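So the structure is just underneath, and the comments pick up after that.
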């Protein structure tokens, strides 16, 4: 219901993120209902009225303290469950990186995403490198590896549909990866305040079918044979 | 029945206040020093820059400050023995040593700047000026406080417990230097 | 041995010489009386809250109607929008939340609740306030310098904040840093004052475990602040050096590291939210006890949990940096500590709820605010869990979900907790009663508009709207949430307008409210033994002696409904049903 506001997930690991959000949502919803429910019930049940005197309960006796210790222990157990699930998901996304099939470099600068494609030779630093601002083209179902950099200030590459977000920091390089499961065009906002052009610093991710992608490659590098990039 | 009084003396209050102040100052210098150590261990070329510092001058300064801590402690001891002349003498010595420290530091800065190594000359220099500058400001504040106490001692008034609290602060400033000296001057 | 009830042992007290009338300036402006200083902090907080709310109004109107001129402001360009958000955050945290919850509540309550005549260092106390007032002036001035006010976010990330050319703002950010330096000094000195006072000036018989919980919360908050602000002070000096001396602490081209700023900032930034939280929580605890006529459940457990929260708050800071490029192997430890902080916090919440069990609950205005706090704080705290889980954080960092979360928790503390304390202690502060009907209206309107404003923001964040953007219409993916943005803006205006009943009630009651007796709420803590308002030295000739804990309500074999902390003996009789 609430979580239907999440943008469409087109990422292989997006499911991990989403199911973790769902788990936490249900746990926290249950706690909310239980605690606020108890609160409201107590307020209704124990309004002051003639002849009723409050009970002097300090919570010093163990039988009384148990009423807070047991729920707190339950909180701890559920916390640990959330952490273990989170650890698994984090490892899948950040530590167990699959071998790359496509690579690009993305450099944030005030106020564009400079996307550098290695070209048909799949090497950076050669003559067929091509920089296209704000347009990230990838084929569907291929592992895309991105090297993330910044030319000036901190920006944040945010692909909501891929459940991917990574700050780009000048002076450092980060690696990120994704594998898109659906074709389409998706927005890439900048998610870290980067100056007066932060609002409107938008790129677009275009996920092509295999054929469309080959066509796009042919259009960008007309003289290339297409060897080195598998369609 | 007796009821223990939770009340306390102004001296006790002053000491508690000074210890908490020192605790927060430890975090200030700790933050700055920690940043320096992390930046230095992941950077290059810091040792070459550090070699431009004058270790002999800083060693003298270290002794100056250590001695000033001793004279400060002796001033407090004189106060405890109601020795007003001793209080005046040792406070004055402490102030003088503090001024010598600042003088040597100032001459170091002057010679650095004339050689062209200013705060903007590189990462090492930025941290050097940050750490020693912050420290020097604290030394200055201590000198001023000690001077105020000295003036009141000269007028024949007892400094009261304030000399102990000022002593705590002064020792803290000395200890910060004990960390700064090897980390800046002796590590290459 | 029984003492005749009319004789109380005379404790040692430091009796200040009687203060004659000292003229307007010494009484109201350069006062050293903690009660007047508390009111100065309160008025400063209320004034700055108007400024901060105005900035929020302009921001929200711009978000709802991006290309239009904002009534009462004009057109908002992109640089202006960044200055609005930056100063809204800075002002609300450092010039509203902290002055009211720490400056006003702390200064007013500490001496009165521990049985002292004033703070340990009254003149330093006055200095603390005036330094903060100057800091407030500095930040207000920063709006009017060329290129306008600071615009790198309240978080001031480098290198955006480190080089003027990245923002186009030169003096605005320098003044912002100066204002921070001044307010750090103000709160540092204030915190030392609070700690020394509580440690050394408690009345005879007031042991640590007889202190009201709000004092424990203020104590812990002061310690947290004192120990966490240091690295940010160092960082602020470094940032100022980067801007003015062209050093490169945080600028990579000169060998610096932007992440260093983030670590130093958040090392303070996270404990700081607990510095704000704890006093508000304490005020609510006091009110829950008084208006349930019951002791707070689990007094010692709450204290131990508060201390645990204090410790844990120092080791969670990098949960603000999960996607900022820190080592991925560092992330899970911080995620674990972050989620674990919910353990002591939930213990405290359970204790507070259980305080209501078998109570005799009176729904006066302060109690309504306290219950409102409970509901809103539980909601806000629970949304923190999903943010604290690193993989979930990937999707929600930098979006309006974060904005919704921190406003829900912060405002539940500052607004609901703050008004709990204000309505409760108003009679003691000003010697008059506030109007109950206006108070209940204020509560109801605030509760409604608060939820209408911030609850939908969670959805906006889930949909992927980034923070700090000036124009949602630039994003095709956000067209679906724009109606929500308009709706939130209207509710925010409602929330601001809902404060009018309070302002009217507050100022009118100070001038012409019904005169208050010394203990209108029949509360047991020490401040209610003093007259309303207390005289300059709080207690007259003899400071009270404390014989019991702070929550002796509804004792089973005693006739009275409650026993004040400084009463020697209760009268003994079996309580009979009327």
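The values are calculated or read from the model by the stated rules, or taken from the named source; none is laboratory data. Values in this document were obtained by computation on a predicted structure and should not be read as measured data. All Cβ positions, even for glycine, are placed from backbone atoms using ideal geometry, and neighbour counts span all protein chains on display.
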message: I need a count of the residues in the stretch A:50-98 that are facing chain C (nearest Cβ under 8 Å) and either over 24 Å from residue C:342 (Cβ atoms) or assigned to a loop (DSSP other than H, G, I, E, B) (or both).
response: 12
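For every residue, the table says whether it meets (1) over 22 Å from residue B:39 (Cα atoms); (2) more than 14 Å from every other protein chain (Cβ to nearest Cβ).
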residue	(1), (2)
B:113	yes, no
B:117	no, no
B:134	no, no
B:139	yes, yes
B:143	yes, yes
B:150	yes, yes
B:156	yes, yes
query: Looking at this structure, is residue B:47 at the interface with chain C (Cβ under 10 Å from one of its Cβ atoms), modelled with pLDDT under 95 and either under 30 Å from residue C:267 (Cα atoms) or surrounded by fewer than 20 Cβ atoms within 10 Å (Cβ to Cβ) (or both)?
result: no
message: Among the listed residues A:86, A:108, A:59, identify the single one that is surrounded by 13 or more Cβ atoms within 10 Å (Cβ to Cβ), within 20 Å of the chain's Cα centre (by Cα) and outside the structural domain of residue A:206 (by TED's automatic domain parsing).
response: A:86
query: When the stretch A:1-49 is examined, which residues are found to be more than 7 Å from chain C (Cβ to nearest Cβ), surrounded by 14 or more Cβ atoms within 10 Å (Cβ to Cβ), in a loop (DSSP other than H, G, I, E, B) and touching a helix residue (DSSP H, G or I) at 6+ places or on another chain (Cβ under 7 Å)?
result: A:9, A:10, A:13
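Look through B:107, B:123 and report the one residue that is at pLDDT below 95 and under 30 Å from residue B:48 (Cα atoms).
Numbers: B:107 fails: at pLDDT below 95.
Step by step, each of B:107, B:123 is checked, and only B:123 is at pLDDT below 95 and under 30 Å from residue B:48 (Cα atoms).
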message: Let me confirm something: among C:498, C:512, C:463, C:480, which residue is more than 23 Å from residue C:374 (Cβ to Cβ) and touching a helix residue (DSSP H, G or I) at 6+ places or on another chain (Cβ under 6 Å)?
response: C:463
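This table checks each residue for (1) over 16 Å from residue B:31 (Cα atoms); (2) not in a helix (DSSP H, G or I).
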position	(1), (2)
C:239	no, no
C:246	yes, yes
C:249	no, yes
C:260	no, no
C:265	no, no
C:280	yes, no
C:283	yes, no
- prompt: Which residues, taken from the stretch C:509-558, are closer than 27 Å to residue C:302 by Cα, touching a strand residue (DSSP E or B) at 6+ places or on another chain (Cβ under 6 Å) and not in a loop (DSSP other than H, G, I, E, B)?
  reply: C:553
message: more than 23 Å from residue A:14 (Cβ to Cβ), surrounded by fewer than 24 Cβ atoms within 10 Å (Cβ to Cβ) and either at the interface with chain A (Cβ under 9 Å from one of its Cβ atoms) or in contact (Cβ under 8 Å) with a residue 40 or more places away in the chain (or both): is that true of residue C:409 in this structure?
response: yes
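Determine, yes or no, whether residue C:133 is within 29 Å of residue C:42 (Cα to Cα) and either modelled with pLDDT of 95 or more or crowded, with 24+ Cβ neighbours inside 10 Å (or both).
Yes: the conditions hold for residue C:133.
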field: Conditions (1) farther than 28 Å from residue A:53 by Cβ; (2) buried (at least 24 other Cβ atoms within 10 Å of the Cβ): number failed by residue C:319
entry: (2)
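Could you identify the single residue in B:75, B:32, B:58, B:11 that is assigned to a helix (DSSP H, G or I) and closer than 30 Å to residue C:267 by Cα?
Values: B:75 fails: closer than 30 Å to residue C:267 by Cα; B:58 fails: closer than 30 Å to residue C:267 by Cα; B:11 fails: closer than 30 Å to residue C:267 by Cα.
Matching residue, one of B:75, B:32, B:58, B:11: B:32.
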message: Tally up the residues in the stretch A:153-189 that are more than 7 Å from chain C (Cβ to nearest Cβ), within 24 Å of residue C:156 (Cα to Cα) and either at pLDDT below 95 or not in a strand (DSSP E or B) (or both), please.
response: 1
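Can you tell me which residues in the stretch C:499-520 are under 21 Å from residue C:444 (Cβ atoms) and under 26 Å from the mean Cα position of the chain (by Cα)?
Hits for the stretch C:499-520 are C:499, C:500, C:501, C:502, C:503, C:504, C:505, C:506, C:507, C:508, C:509.
Can you tell me which residue among C:461, C:431 is touching a residue at least 24 places away in the same chain (Cβ under 8 Å), over 19 Å from residue C:291 (Cα atoms), in contact with a strand residue (DSSP E or B) (Cβ under 7 Å, 6 or more places away or on another chain) and surrounded by fewer than 20 Cβ atoms within 10 Å (Cβ to Cβ)? Steps first, answer last, please.
Details: C:461 fails: surrounded by fewer than 20 Cβ atoms within 10 Å (Cβ to Cβ).
Exactly one of C:461, C:431 is touching a residue at least 24 places away in the same chain (Cβ under 8 Å), over 19 Å from residue C:291 (Cα atoms), in contact with a strand residue (DSSP E or B) (Cβ under 7 Å, 6 or more places away or on another chain) and surrounded by fewer than 20 Cβ atoms within 10 Å (Cβ to Cβ), namely C:431.
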field: Selected residue (only one of C:339, C:348 is over 21 Å from the mean Cα position of the chain (by Cα) and either surrounded by fewer than 17 Cβ atoms within 10 Å (Cβ to Cβ) or assigned to a helix (DSSP H, G or I) (or both))
entry: C:339
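Looking at C:429, C:434, can you tell me which residue is in contact with a helix residue (DSSP H, G or I) (Cβ under 7 Å, 6 or more places away or on another chain), more than 9 Å from chain A (Cβ to nearest Cβ), under 26 Å from residue C:39 (Cα atoms) and not in a helix (DSSP H, G or I)?
On the way: C:429 fails: not in a helix (DSSP H, G or I).
Exactly one of C:429, C:434 is in contact with a helix residue (DSSP H, G or I) (Cβ under 7 Å, 6 or more places away or on another chain), more than 9 Å from chain A (Cβ to nearest Cβ), under 26 Å from residue C:39 (Cα atoms) and not in a helix (DSSP H, G or I), namely C:434.
Could you check how many residues of the stretch C:305-342 are touching a residue at least 12 places away in the same chain (Cβ under 8 Å) and under 19 Å from residue C:221 (Cα atoms)?
15
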- prompt: Among the residues of the stretch C:546-571 satisfying the criterion of being within 12 Å of chain A (Cβ to nearest Cβ) and in contact with a helix residue (DSSP H, G or I) (Cβ under 6 Å, 6 or more places away or on another chain), which is nearest to residue C:358 (Cα to Cα)?
  reply: C:551
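Being outside any helix (DSSP H, G or I) and either more than 8 Å from chain A (Cβ to nearest Cβ) or touching a helix residue (DSSP H, G or I) at 6+ places or on another chain (Cβ under 9 Å) (or both) narrows it down to one residue among C:380, C:384, C:359; which is it?
Working: C:380 fails: outside any helix (DSSP H, G or I); C:384 fails: outside any helix (DSSP H, G or I).
So the residue among C:380, C:384, C:359 that is outside any helix (DSSP H, G or I) and either more than 8 Å from chain A (Cβ to nearest Cβ) or touching a helix residue (DSSP H, G or I) at 6+ places or on another chain (Cβ under 9 Å) (or both) is C:359.
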message: Looking only at helices (runs of 4 or more DSSP H) that lie completely in the stretch C:16-119, which have at least 1 residues being crowded, with 16+ Cβ neighbours inside 10 Å and in contact with a strand residue (DSSP E or B) (Cβ under 6 Å, 6 or more places away or on another chain)?
response: C:34-64
field: Failed item in (1) over 17 Å from the mean Cα position of the chain (by Cα); (2) within 20 Å of residue B:179 (Cα to Cα); (3) without any contact (Cβ under 8 Å) to a residue 60 or more places away in the chain; (4) away from chain C (no Cβ under 14 Å), with residue B:67 passing the rest
entry: (1)
- request: Considering every residue within the stretch B:94-107, establish whether at least one is under 21 Å from the mean Cα position of the chain (by Cα), under 27 Å from residue C:250 (Cβ atoms), within 14 Å of another protein chain (Cβ to nearest Cβ) and in a helix (DSSP H, G or I).
  value: no
